[in-house]
1. Is it the case that Glu31 is free of Cβ contacts under 8 Å to residues at least 12 places away in the same chain and not basic (Lys, Arg)?
2. Residues that are touching a helix residue (DSSP H, G or I) at 6+ places or on another chain (Cβ under 7 Å), open to solvent by less than 40 Å² (accessible area, probe 1.4 Å) and within 17 Å of Tyr136 (Cα to Cα): list the strands (runs of 3 or more DSSP E) wholly contained in segment 1-118 that include at least 3 such residues.
3. Just one of the numbered conditions (1) at pLDDT 95 or above; (2) open to solvent by less than 30 Å² (accessible area, probe 1.4 Å); (3) part of a loop (DSSP other than H, G, I, E, B) is not true of Asp234; which one?
4. Report yes if some residue within segment 149-163 is open to solvent by 50 Å² or more (accessible area, probe 1.4 Å) and among the basic types (Lys, Arg); otherwise report no.
5. So which residues in segment 198-233 are of a type in the set (Gly, Ala, Ser), farther than 18 Å from Glu324 by Cα and touching a Leu at 6+ places or on another chain (Cβ under 8 Å)?
6. Tell me, yes or no, whether segment 313-336 has at least one residue that is closer than 23 Å to Ser144 by Cβ, free of Cβ contacts under 8 Å to residues at least 12 places away in the same chain and either of a type in the set (S, T, N, Q) or out of contact with any Asp or Glu (no Cβ under 8 Å at 6 or more places or on another chain) (or both).
7. Can you say whether Ile122 is open to solvent by 60 Å² or more (accessible area, probe 1.4 Å) and either more than 28 Å from Gly350 (Cα to Cα) or at pLDDT 95 or above (or both), as far as the supplied structure shows?
8. Are any residues in segment 106-134 basic (Lys, Arg) and more than 26 Å from Glu300 (Cα to Cα), and if so, which ones?
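The values are calculated or read from the model by the stated rules, or taken from the named source; none is laboratory data. Fair warning: this is a prediction, and the values are worked out from it, not measured in the lab. Glycine also receives a Cβ, built like all others from the backbone with ideal geometry; neighbour counts cover every protein chain displayed. These accessible areas exclude ligands, DNA and RNA; they are computed on the full protein's heavy atoms, side chains included. Shrake-Rupley method; radii C 1.70, N 1.55, O 1.52, S 1.80 Å.
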Amino acid sequence: MKGAVISGYYGFNNLGDEAVLYFLLENLKREIPGVKITVLSNSPESTSKTYGINSVKRDNFKDVVAAIKKADVLISGGGSLIQDATSFASLLYYLSIIYIAKKLGKKVFIFAQGYGPVKRNISKKLARYILNKVDYITLRDEDSKRDLLNLGLSPSKITVTADPVIGIDPQAIDEDAGKNILLKKGVDFKKPLIGISIRSHGDNEKIVEEVSRFIELFQGAADFLLIPYHFPADLNISKKVMQRTYNNNVYLIEETFDPISAFSILKKLNLIVGMRLHSLIMSAALFIPTIGISYDPKVERFMKMAGNTFFMDAKNISGEKIYEMAIIRLKEGITKEERERILDLKKRAGETVKKLLEFLI
């Protein structure tokens, strides 16, 4: 029986990463009945309960090594794991897991990751050394491929596909679940419902001020739903927006949801303004208009890939500018070019899974 260990940023209450894991697990279970899967997680009990698979503590290297020994392949991804912007320790952790798998003679498949940013020279040297040992690499954007080629990796084992979450079928999402959750919060759906996903970054006071200004410019003509994608950090900054607006048509998601429930909530939105990458990817997957606030190159990369010109740099965030974009997006919806680009990304996301299955079967 085939077996796989999945390494990533799992068990940290980050909705985007959990959505990647959900998509990956569902495809593996469907295509390879009986496949044995172990996920390296920060919260193994929660991960096992949520997804019905085996999970071990990601930093218990005794259990990690034991799990990899029993597996046929290590799947690393998705997200942006190979980067040192978060910390050098983070990059070292993910490269170490890959290195252990290769030392144990296992295949390693990089699953739809974004590479970078990698700024330290030592980080680049380690990434080059270890990633050159990987059997196959799928990436979610062309810029990541360019960076890896510049790093010295062979193009023969690199394919640009797309973030797996974009591959979700909108028709498979039951919107009644999301509707019921929002009804309990008091949303009556009589006005446009705009989702907002923000995070701490740089000048947090400016982010709170400008997002609050954006909400106030509507003068009650729309309802707003603040959606934290990473608990508790995103919840804290979202609460500051709530406190600042004092507006009874602003609602807040204060609990964590599994990815399918989150998709169901998103399906009830007319528009989302997002800093978190996967707030934009998940919404695009459902063909919901988006406005991006780019705090990291990966956000701008995705918006461009999706044919979406409605984004701004987080350093230049402006409530007035977001409002102007929102009026256009609410009126015109998804453009023809965006729809075509998103459909292409969905196709490419499916190709990621096909590559992985070829690797496993």
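1. On the way: free of Cβ contacts under 8 Å to residues at least 12 places away in the same chain: no; not basic (Lys, Arg): yes.
Answer is no for this residue.
2. Fully inside segment 1-118 and qualifying: 3-7, 73-79, 107-113.
3. Failing condition for Asp234: (3).
4. No, every residue in segment 149-163 fails to be open to solvent by 50 Å² or more (accessible area, probe 1.4 Å) and among the basic types (Lys, Arg).
5. We begin by selecting, within segment 198-233, every residue of a type in the set (Gly, Ala, Ser); these are 200, 202, 212, 220-222, 233.
From what is left, the residues that are farther than 18 Å from Glu324 by Cα are 200, 202, 233.
Within segment 198-233, none qualify.
6. Scanning segment 313-336 turns up no residue that is closer than 23 Å to Ser144 by Cβ, free of Cβ contacts under 8 Å to residues at least 12 places away in the same chain and either of a type in the set (S, T, N, Q) or out of contact with any Asp or Glu (no Cβ under 8 Å at 6 or more places or on another chain) (or both).
7. yes
8. Once the filter is applied, which keeps residues that are basic (Lys, Arg) and more than 26 Å from Glu300 (Cα to Cα), segment 106-134 yields Lys106, Lys107, Lys125, Lys133.
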